Each structure stands twice: as C-alpha cells, then as structure tokens.
1. Given an 8 Å cut-off on Cα distances and at least 6 residues of separation, report the relative contact order of the chain as a percent.
2. So how much slack lies between Ser184 and Arg216, counting 0.36 nm per residue of separation and subtracting their Cα-Cα distance, in nm?
3. At a 1.4 Å probe, what is the % contribution of carbon and sulfur to the accessible area of the chain?
4. Suppose R0 equals 35 Å; then what is the FRET efficiency for Asn58 and Ala29 from their Cβ-Cβ distance, rounded to the nearest 0.05?
5. Can you give me the angle between helix 104-115 and the longest principal axis of the chain, using Cα atoms only, in degrees from 0 to 90, rounded to the nearest 10?
6. By how many degrees, 0 to 90 and rounded to 10, does the Cα axis of helix 2-11 deviate from the longest principal axis of the chain?
7. With all pairs of different alpha carbon atoms counted, what Kirkwood hydrodynamic radius in Å does the chain show?
8. Per DSSP H run of at least 4 residues, take -39500 (n - 2.57); add these up for the chain, divide by its residues and hand me the 222 nm value, nearest 500 deg cm²/dmol.
Amino acid sequence: FEEAREYARVSGLTEPGLRHPAYDPRLEALAPFALGLAPVVFSANRPDQIADVLDFANEFALDVIISGGRGAWKVADRLALADVPVIVGPVLSMPLMRSDPYDAAYSNASLLQRAGVQIAFRTDSAWDARNLPYQAAMAVAFGLSEDDALHALTAGAADVLGLESEIGRLRSGLRADVFVTQGSPLQITSRARQVFVGGRDVGLKSRHTELYETYRDRLHDAGQVSR
C-alpha cells in the first residue's frame with residue numbers, strides 16, 4: 001500500500017527533467033485503493049480480525065468493506081461508528097466460536113442492522129449464488145425485517161459496492177436488471193416468471209430446466225411408465 005501511494009505520487013509529478021518510475025501495472029492498479037479513492041474489501045470474520053482491519057483502515061485512510069463478518073455482531077458499535085459496511089455471509093453456517101449462541105450466524109445481520117451498520121449478503125462460492133435469497137431469508141427468520149433483507153439484496157448491495165449510480169434500483173438511467181417472481185423472492189417455493197438483464201428478457205431456460213425436461217420426457221415415453 002505504501003509503495004502504491006508513493007508510485008501514484010511520483011507518477012503524478014510534472015517537474016522538468018524528473019524521471020518517472022518504471023511503469024508497474026500492479027502498483028497503478030492498486031493506487032486508487034491505497035489512496036482511499038475506491039473501496040477495499042477485506043475478508044475478516046473474527047472480532048479481532050475486524051478490529052485489525054479498522055485500525056489498518058484508519059492508519060491508511062482507506063475506504064473499507066468487511067466481507068464475511070461472521071463475528072461482526074460483537075463489534076457492531078465500532079463498525080457503525082467507523083461507517084464500515086459488512087457483506088454478511090454465509091448466513092447458513094455454524095457459529096464461529098464454540099462459546100457463541102447457536103443462532104449467532106442467523107441473527108448476525110439483524111444485530112448489525114439495528115446497530116446502524118450497512119449490510120449486504122453473500123454466499124461462500126459462485127456456484128451457491130442461486131441460494132443467496134435463502135441466506136437472507138434465514139436472517140429474516142432471526143430478526144431482520146423482510147423489507148430490510150430485500151433492500152440488502154438490491155439497493156443496499158449496490159450502495160455498499162459504490163454502484164448506486166448504475167444498478168440496484170428501478171429508476172430511469174440505471175441498468176435494468178429485474179426479475180419477477182410468483183410470491184416473495186425470499187421463499188424457496190416462489191417461482192421465477194421473468195428475468196431481465198440489462199433490459200433484455202433472457203428467459204428462464206437453463207441447464208437445470210433442460211435436465212428437468214429431459215428426464216420428464218423420459219418418464220412419459222411409452223413403455224417407461226404404466227398408465
């Protein structure tokens with residue numbers, strides 16, 4: 001971080017005869033983050049790890065986001081005071097420490113939200129992203145309001161990532177990523193009816209629906225099932 005800040009400082013000088021440092025794409029890419037011009041996402045779960053991140057951010061004047069934050073509820077007041085958001089998750093997980101209550105991971109989001117911490121949700125891997133609404137649903141079952149959960153999945157997530165001018169809301173001029181469900185999107189029994197990405201109807205066909213149709217047709221083939 002120190003090297004990136006110095007690289008940016010020296011590269012920006014325009015004094016006659018001054019030799020600039022050799023081009024370094026790594027330091028150039030890191031410079032906006034090191035200068036606090038773009039958010040830095042720190043993966044931290046234990047309260048002491050989160051405290052270290054806050055100290056580091058204060059020392060370097062960084063714009064930080066906590067990702068994971070399974071023990072963030074224990075330092076919620078400090079996070080709120082520092083105005084540091086938390087991307088909570090995975091909610092469907094075991095307590096972080098043996099001494100934590102059984103519902104620590106489930107109630108984490110509601111405790112943070114009540115303390116004034118801005119939240120969003122995450123899963124633990126890309127393949128599990130389809131289950132993100134149900135991560136939020138568990139938080140609703142343990143204290144978070146449904147409206148706050150939906151906000152954290154949409155506009156709140158865009159706000160946390162600094163993308164509020166591009167996505168997250170149904171507003172003129174923003175990217176139109178919209179999905180329509182039959183019932184609450186937080187309910188596992190609700191079915192998706194339409195999906196629009198970038199304003200374009202992308203349909204509902206996927207590898208999963210193709211497999212469903214393949215095996216459904218196999219059951220309906222003559223000789224495969226008695227009628």
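1. Computed over the chain, the figure is 11 percent.
2. 8.8 nm
3. Exposed carbon and sulfur together represent 53 percent of the surface.
4. Efficiency for this residue pair is about 0.90.
5. Once rounded, the angle reads 60 degrees.
6. Rounded to the nearest ten degrees, it is 70.
7. By the Kirkwood definition, the hydrodynamic radius is 20.6 Å.
8. Dividing the helical sum by the residues of the chain leaves -12000 deg cm²/dmol.
The values are calculated or read from the model by the stated rules, or taken from the named source; none is laboratory data. Note that the coordinates shown come from a computational prediction; the quantities given were computed from them, not determined experimentally. Reconstructed Cβ throughout: ideal geometry from the backbone, glycine too, with neighbour counts over all protein chains shown. These area figures cover heavy atoms from the full protein model, side chains too; ligands, DNA and RNA do not enter into them. Shrake-Rupley method; radii C 1.70, N 1.55, O 1.52, S 1.80 Å.
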